[in-house]
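What follows is a set of notes on a single structure, which appears directly below.
Every number in this text was worked out from the coordinates using simple rules, so none of it is lab data. Since this is a predicted model, take the numbers as computed values, not measurements. Counting neighbours? That spans all protein chains shown, and the Cβs are built from the backbone with ideal geometry, glycine included.
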Amino acid sequence: MKLTDTKPDSCGVIRRIGGDAHLAKRITAIGLTEGTEFQTVRNDRKMPVLIYLRETLIAVNRTDAERIEVETA
Amino acid sequence: MKTRIALLGQPNSGKSTVYNALTGSRQHVGNWPGKTVEKNDGYYTYKGTRYTVTDLPGSYGLSGNSDEEVITAEFIKLGLADLVCILVDASQLERSMYMVAEFAALDKPAVLLLNMMDVAASQNKEIDHELLERRLGIPVLPFIAAESRGYDALRELLARELEAPHKLSSVPELPKGEDRGSADAVRAESEAKFRWIRRMLEGVTRSEQKKYEMSKRDRRLLSPVWGKLACFGTILLGFLAAMVICFPLMGIGAMIPQLLNRPIADLLTSLNVHPWLVSIFSIILPNTLYFCVAMSGFVFGVNLVFGYLEEIGFLARAAYQFDNLLSGLGLQGKAICPILMGFGCTIGGTCGTRVMDNWGQRMLTMAVVWAVPCASIWTIIPVISSMFFTPLQTLLVVVGILLYVMVLMTAVSKVFGRTLVPENARSGMIMELPPYHRPHWKHIAKEALLKAFDIFKRALRTVTLISLLFWVFSYSGTGNVADSLLYKIGTAIEPVTRIFGLGWRTFMGFLSSAFAKEAVLGVLNAVFVGNGTVLDATFRSAFSVATDNAVLGRAMTDVVGKAEALAFMCACTFNIPCVMALSTTYRESHSLKWTARIAAFYICGALILSCIVYHIAALFL
């Protein structure tokens, strides 16, 4: 499923990051790599998705979050 | 001898704190050659040696995602620093070590600062920095950037390492492949880097994914509706706090012309000095001083409040709340604070843009902030409007102005956005929301004071220059408006200004609104009622005559029609904010070219708007 479809408080693992090299650089530099565990903290309509990952609270805008495939536990 | 140090770190790593603490006021801000990226250089002296410090632009990596990253990587690669001091956030060690992994490929001497050890400690995180030091092969120093006591150890370490530098002894093994720039290769490289980080941190710290519990404060501040309201409220409170802080300073500033005007004028007149010089020394100079004191008071207040809001982690949350709304203008969510501040004072909003990530974003935000009518405008518009219109109509004028603010903001972002924030550099928000910190007041106050003093020094020149220019035009030997250059030019070009719907008197009011919005009523009084000179009115000197709104109203309505009044109000409101805002923008952006461009845009825009409003209104009113 996509990161944008995850429910608040659910935990999961990042499976696949889509998009071009530019997005790949930006998003992996902040710590989102394939295989990383994460927890969705907030996922509100028209707001960036808030996730907790590598001990950090991170906001990812919805367009880019659409391109992130995750697997939830 | 090697003395060049560069600071490298991700956003929120405390890099600029270290930079400011090391260099104090011995700083120079410029631009990187050919780029719109700010270059910060400073120096400090330790044991008789002068060390230079370059504050490299903050970014999450070094892989060339932005101009900032390209410049940073080039700077290090070219060996322009003898030692790179890398900062990481000890409370988020694994993630922020990514910068070290990126740096490793450049193979240069470095030291590592584990900053925010206090935050890490408060989260019960223990870090074995000696083990990390052995693994990395470079010195690792636990640090709290916002506390002054660690800096001697830092200076000592830097001096020692410049003498006998160390390079990383372990570097990430990157996958070899043909196609290094592809998205797949980028992902594989980053994964390899994080694997290396895990290996380095094994046994150094425990980094297990724990269940994250949103704090009560975050539950409220991050909710879609209440959070936005809370943000509005906090920024409003912040603005009020800034006002309260700078009030005493502004009060002292306001006393300067009142105390100095008459004594200087009397003294010089008794010495038979030419009246020209008398008016320069008794009116222009004390007022310039007043303007600059008031300006730096504002800058101090705003920087104090913003420094606080940024340090406790509020700004990142406001950015999250308003990112969606502002991305339409090509701006980051953080721009919400300077924009809302603009309703209070454009100077405040302008220097509030320092929280933006890069120069282009910053310049564009300043340009947008100019569109926001400041508190002074809200004090003059209702007064003028009520001379011509009923209260209901006045309300409509106010609503109209607010609606046009949005139009103007969009126009500004369309006209300047493409160059300042190019389409390909506009990427959606991917950012960290740092945990709430306790503020380090001493440090925040020190930085705000430095900034305010800096603005004061720099602004004196600009404001004096523009004041003198205005003096040349508005000086009248006899005290009669008709003897000033402004009058002569004003009446001569009246046929032209009529096109924009303004007679020579209202045009003068328009010109003075570019100087200071508070001056508008006084100047109108001078040109319509003939009470006092434009010069005294503009500079609100001790000689200026108090404005009687009723008298002014009668005098104005005799000469000016409703359509012209409406056009005049629009022209004033959307003219350039004031000399002080202009000067602040120049000082904060370091770009005369862009400040002039934006000023030209606003003057032309105000006149065009006035023209349209006048001709349409003339059909109905």
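Points worth noting:
- Within region B:184-230, the set of residues being surrounded by 13 or more Cβ atoms within 10 Å (Cβ to Cβ), acidic (Asp, Glu) and either in contact with a strand residue (DSSP E or B) (Cβ under 9 Å, 6 or more places away or on another chain) or under 29 Å from B:Phe314 (Cβ atoms) (or both) comprises B:Asp218 only.
- If only residues of region A:39-49 that are of a type outside the set (A, V, I, L, M) and either closer than 24 Å to B:Gln123 by Cβ or at the interface with another protein chain (Cβ under 7 Å from one of its Cβ atoms) (or both) are counted, the one that is surrounded by the most Cβ atoms within 10 Å (Cβ to Cβ) is A:Pro48.
- Filter result for A:Ala29 (surrounded by 16 or more Cβ atoms within 10 Å (Cβ to Cβ), among the aliphatic types (A, V, I, L, M) and in contact with a Leu (Cβ under 6 Å, 6 or more places away or on another chain)): no
- Residue in region B:414-421 that is within 30 Å of B:Ile312 (Cα to Cα) and touching a residue at least 60 places away in the same chain (Cβ under 8 Å) present: yes
- Members of region B:445-495 found to be more than 19 Å from B:Tyr586 (Cα to Cα), within 36 Å of the chain's Cα centre (by Cα) and β-branched (Val, Ile, Thr), listed by number: B:Val472, B:Ile489
- The residue that is nearest to the other protein chains (Cβ to nearest Cβ), among those in region A:50-73 that are touching a Ser or Thr at 6+ places or on another chain (Cβ under 6 Å) and β-branched (Val, Ile, Thr), is A:Ile51.
- Inside region B:152-194, residues that are basic (Lys, Arg), without any contact (Cβ under 8 Å) to a residue 60 or more places away in the chain and in a helix (DSSP H, G or I) make up a count of 2.
- Failed condition for A:Gln39, given (1) closer than 18 Å to B:Asn12 by Cβ; (2) in contact (Cβ under 8 Å) with a residue 12 or more places away in the chain: (1)
- Which listed residue is closer than 29 Å to B:Gly181 by Cβ, of a type in the set (Lys, Arg) and touching a helix residue (DSSP H, G or I) at 6+ places or on another chain (Cβ under 9 Å), from A:Arg67, A:Arg15, A:Arg45: A:Arg67
- Flag for B:Ser170 being more than 16 Å from A:Lys25 (Cα to Cα) and of a type in the set (S, T, N, Q): yes
- Taken together, B:Glu202, B:Glu213 contain a single residue that is among the acidic types (Asp, Glu) and either in contact with a Pro (Cβ under 8 Å, 6 or more places away or on another chain) or within 12 Å of chain A (Cβ to nearest Cβ) (or both), which is B:Glu213.
- The condition (being polar (S, T, N, Q) and either over 28 Å from B:Gln123 (Cα atoms) or facing chain B (nearest Cβ under 7 Å) (or both)) is satisfied by just one residue among A:Thr28, A:Thr36: A:Thr28.
- Where helices (runs of 4 or more DSSP H) fall entirely within region B:406-524, those with at least 3 residues that are surrounded by fewer than 17 Cβ atoms within 10 Å (Cβ to Cβ) and either among the basic types (Lys, Arg) or within 14 Å of another protein chain (Cβ to nearest Cβ) (or both) are at B:441-474.
- Hey, B:His615 farther than 23 Å from B:Asn287 by Cα and in contact with a strand residue (DSSP E or B) (Cβ under 7 Å, 6 or more places away or on another chain) or not: no
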